[in-house]
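Down below is the structure, laid out as structure tokens.
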Amino acid sequence: MTGFDRFLATFFNGEVIVRYLPSILQGVWVTIACSLLIVVFGVAAGVLLACVRAYRIAPLNVAIVVFADMMRALPPLVLILMVYFGLPNVGIMLSSFLVLFVILGLVLAAFTEEIVWAGLTAVDKGQWEAARSTGIGFTGTLLQVILPQALRMVIPPLTNRAIAITKMTALGTVIGVPDILNQATTAQSFSGNASPLTIAAIAYVILFLPLVVMSRWLEERFVRHRR
Amino acid sequence: MAPITTLAQPSAIPTLEVRRLHKSYGALEVLHGIDLAVATREMVFVLGRSGSGKSTMLRCCNRLEEPSSGDIFLEGQPITGKRVDLDGLRRRIGMVFQSFNLYPHLDTRRNVTLALRMVLKLGRDEADARAMAALERVGLAGKAASHPTELSGGQQQRVAIARAIAMEPAVMLFDEPTSALDPELVGDVLGVMRELKADGMTMLVVSHEMGFAREAADRIVFMADGRIVEEGPPEQLFTAARHEATRTFLSRHTRQ
Amino acid sequence: MDQLLDQFFNLEIMAAAWPTILRGLGMTLLLCLLVIPLGVIGGLAAALTSLSPRRWVRWPAIALVDLFRAIPPLVLLIFVYAGLPFAGIRMSPFVAVAIAFMLNNSAYYGEVLRAGILSVPRGQAEAARSTGMTHAQTMRAVVLPQGVRNVLPDLISNTVEVVKLTSLASVVSLGEMLHAANLARSVTYNASPITMAALVYLILLWPAVRLVSRWQRRIAV
Ligand SMILES: Nc1ncnc2c1ncn2[C@@H]1O[C@H](COP(=O)(O)OP(=O)(O)OP(=O)(O)O)[C@@H](O)[C@H]1O
Ligand SMILES: [Mg+2]
């Protein structure tokens with residue numbers, strides 16, 4: 001066997017791949033489902049929090065800022081382990097999938113809140129004045145005039161952040177979520193071959209590379225737009 | 001007898017009246033008691049050096065700035081004080097800004113219809129019809145589908161005027177509506193204002209367009225250091241101003 | 001409530017776990033000291049190559065950066081740590097972590113630095129070149145200092161992410177802080193050691209998170 005054959009047999013072993021591809025594909029669906037849930041919940045909750053913050057109700061704002069800061073300062077894996085292993089001992093049983101979804105959803109909500117809030121404050125003050133001077137109320141102005149402009153501004157950073165956080169679904173492996181990585185590591189230990197890990201890496205590239213390329217395109221379009 | 005007098009003198013009550021208006025930012029008082037009345041159908045120009053408080057006074061009139069003390073009346077009704085319905089008040093006072101402030105995410109028509117639909121709660125068709133009528137008045141019905149970014153500054157400002165007049169306000173406030181425009185675009189905007197006046201709109205205008213003020217204004221108010229120093233018909237101010245400050249200002253701004 | 005407190009804020013258990021966690025913290029800091037400079041250096045290389053005027057340099061650089069932005073860092077780490085040994089490449093967890101994170105962090109630092117370089121007006125480089133400075137001198141003395149300043153908040157944010165990322169090393173049994181805390185958790189059947197680690201992360205990272213938020217607000221307004 002030449003070196004190259006050995007390389008193929010280790011990382012692209014056809015037999016191993018055929019045997020474990022179905023279980024890895026199952027993992028793909030788990031990863032996709034969890035990612036979509038996280039993005040929908042995280043972005044919606046984050047936008048909502050940013051809007052609530054616009055009313056500048058002091059106690060609420062302190063709560064929002066503290067939440068957003070904590071979720072951004074703590075490593076998600078710390079939160080995941082804390083909740084997954086801590087809650088059962090106080091009688092709350094959550095599935096590993098639910099823990100992963102809730103934690104990453106909250107983390108994305110925190111980042112979204114900060115990004116959208118920065119967008120809201122970056123909209124020209126004249127927009128508020130114009131809308132208010134025609135008699136549109138605070139809420140109407142916020143939702144119909146300011147928020148649409150803010151969202152447009154923050155699409156590139158928000159996309160980047162959403163990608164970075166959905167990629168973290170791989171952390172679910174640690175608590176037994178049957179995602180791509182989990183299926184692959186299981187297959188790898190059963191088969192004694194590295195090919196399942198290769199397949200996992202390729203699966204992630206297929207899932208996320210288009211998103212990464214899209215975010216690069218969005219960013220470039222945005223920069224050109226600003227000039 | 002009574003109906004005839006009301007016809008001859010449209011209203012004894014000014015459309016907009018400001019009494020003893022004071023405004024401070026922290027310790028800095030920028031308006032030291034302004035008294036001003038704008039009669040119905042009257043066009044009043046406010047002149048004065050930069051920093052004299054013109055914008056602040058204007059913005060107090062629809063409470064974009066909160067007056068520190070004093071009273072303001074719209075058609076005889078007080079609009080200062082906590083219990084006033086701010087949004088209800090503002091929809092009856094149109095405002096045009098130096099920087100246009102069109103909504104960049106909406107097309108021209110929807111810039112005009114937004115408040116019609118959200119504030120006046122008009123249906124889509126009625127709002128559209130009213131928006132088109134307003135755009136027609138500023139000569140931009142053809143641009144209804146354009147986005148603000150596709151319009152020249154002069155066109156943007158005329159859309160902003162359409163947005164305000166579509167609400168059929170009792171009075172319009174203009175804060176330097178032509179200052180951000182290239183000279184060759186100023187004329188269009190002034191033309192629209194001239195037509196508004198001909199149609200009987202009540203207007204309070206802050207502007208540095210001396211020629212236009214002299215020709216179109218019913219009355220000119222001159223402000224300095226947060227006070228109204230002098231007021232009167234244009235000819236009187238331009239030819240026989242009583243105050244040194246007024247004369248210096250006018251001579252500096254009319255010398256071409 | 002008492003149960004919750006006992007499970008997440010048990011002071012006795014926290015005190016007992018403290019020495020272990022402290023040792024883990026040492027490893028976390030050591031890791032940071034290694035992976036942050038490596039990431040910045042790699043990122044600089046990524047930024048400069050991905051902005052090269054030569055297409056055959058630029059395209060592969062951008063492709064590599066996007067590749068490593070598409071692969072979750074944990075997948076990369078496990079591939080390096082558990083996959084490469086099959087090819088006879090054996091390494092300690094520490095080296096595996098260093099390699100995996102270097103690849104991942106370089107891609108992210110690279111994007112930040114690239115944006116920074118692009119934010120410097122072209123006239124700056126043209127002015128420097130017109131005084132006879134070379135391309136390299138221009139980059140080093142004129143473009144990079146301004147570019148880095150322009151994206152300093154993003155650089156700090158990314159560094160916060162890198163520090164958070166070191167917690168993944170626990171998965172390959174490198175004894176950093178989360179690993180230590182989780183070990184203590186599994187021995188005591190109590191989550192308080194992890195709470196304790198979380199508190200340490202907060203103390204380390206909250207100031208940076210807050211700083212960046214205030215800073216970006218000031219720029220935005
Ligand atoms: N938000 C604010 N905080 C503090 N001071 C302010 C504020 N807005 C205005 N001022 C001050 O109030 C004074 C009057 O300002 P104002 O904008 O009304 O002047 P203006 O006559 O409209 O001038 P210009 O012709 O330059 O528009 C100025 O001295 C200005 O510095
Ligand atoms: Mg002004």
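Side notes on the structure shown:
- Label zone at B:Gln236, where the point sits 7 Å out along the Cα-to-Cβ direction: the range B:23-41 residues whose backbone N lies under 18 Å: B:35-40
- A simple count of charges around A:Gln149, restricted to other residues whose Cβ falls under 13 Å of its Cβ and scoring Lys, Arg +1 and Asp, Glu -1, yields +1.
- Environment charge at C:Gly43 (Cβ cut-off 15 Å; Lys +1, Arg +1, Asp -1, Glu -1): -2
- Cross-link partners for B:Lys23 among the aspartates and glutamates, with Cα-Cα distance under 14 Å and sequence neighbours closer than 8 places in the same chain left out: B:Asp35, B:Glu65, B:Glu66, B:Asp71, B:Asp225.
- With 10 Å bins from 0: P(r) over the range A:1-94, alpha-carbon pairs, percent: 12, 21, 27, 18, 13, 7, 2, 0
- Helical contribution to [θ] at 222 nm, DSSP H n ≥ 4, -39,500 (n - 2.57), averaged over chain B, rounded to 500: -11500 deg cm²/dmol
- Summed residue charge, Cβ within 9 Å of B:Ile34's Cβ, Lys/Arg positive, Asp/Glu negative: +3
- Under Karplus coefficients 6.51, -1.76 and 1.60, residue-wise ³J(HN,Hα) of the range C:15-31 in Hz, glycine/proline x: 4, 5, 7, 3, x, 4, 5, 4, 5, x, 4, x, 5, 4, 5, 4, 4
- Pair-distance profile P(r), taking every C-alpha pair of the protein assembly as shown, with 10 angstrom steps and integer %: 3, 12, 19, 18, 15, 13, 10, 6, 3, 1, 0, 0
- Rel. contact order, % - alpha carbon contacts under 8 angstrom, at least six apart, chain B: 25
- Long-range Cα-Cα pairs in the range B:176-251 (distance over 20 Å), rounded percent: 35
- Built amide H within the under 5 Å cut-off of B:Val46, gap 5+: B:Val205, B:Val206, B:Ser207, B:Val221
- Phi to ³J(HN,Hα) by Karplus 6.51 cos²θ - 1.76 cosθ + 1.60 over the range B:137-143, Hz, x for Gly, Pro: 5, 9, x, 10, 4, x, 9
- Between the range A:136-155 and the range A:159-196, the alpha-carbon centres lie 38 Å apart.
- Plainly put, chain A has a radius of gyration that is 1.10 times its Kirkwood radius, both from alpha-carbon atoms, as the Rg/Rh ratio.
- Mean residue ellipticity (222 nm) of chain A, computed from DSSP H runs ≥ 4 via -39,500 (n - 2.57), nearest 500: -27000 deg cm²/dmol
- Our note on the geometry: Cα centres of the range A:73-122 and the range B:95-158, 44 Å apart.
- Pairwise label distance in nanometres, A:Arg221 with A:Met93, each label 7 Å out on the Cα-Cβ vector: 4.8
- Here's the picture: a label point sits 7 Å out from the Cα of B:Glu195 along the beta-carbon direction, and within the range B:132-146 the residues with their amide nitrogen under 17 Å of it are B:132-145.
- ³J(HN,Hα), Karplus 6.51/-1.76/1.60, whole Hz, each residue of the range C:39-47, x for Gly, Pro: x, 5, 5, x, x, 4, 4, 4, 5
- For chain C, built as a Gaussian network whose Cα springs stay under 10 Å, the top-fluctuating residue of C:Gly39, C:Gly123, C:Gly24: C:Gly123
- Peptide A:135-147 has a mean shielding of 5, counted as Cβ atoms of other protein chains within 10 Å of each residue's Cβ.
- Between C:Arg122 and A:Ile206, the simple spin-label model (points 7 angstrom out along Cα→Cβ) gives 4.1 nm.
- Descending Cα extents along the principal axes, chain C, whole Å: 70, 52, 24
Read-outs: derived from the displayed coordinates by stated rules, not from any lab. Please read all numbers here as calculations on a predicted model, not as lab measurements. Please note: Cβ atoms are built from the backbone with ideal geometry, for glycine as well, and neighbour counts cover all protein chains shown.
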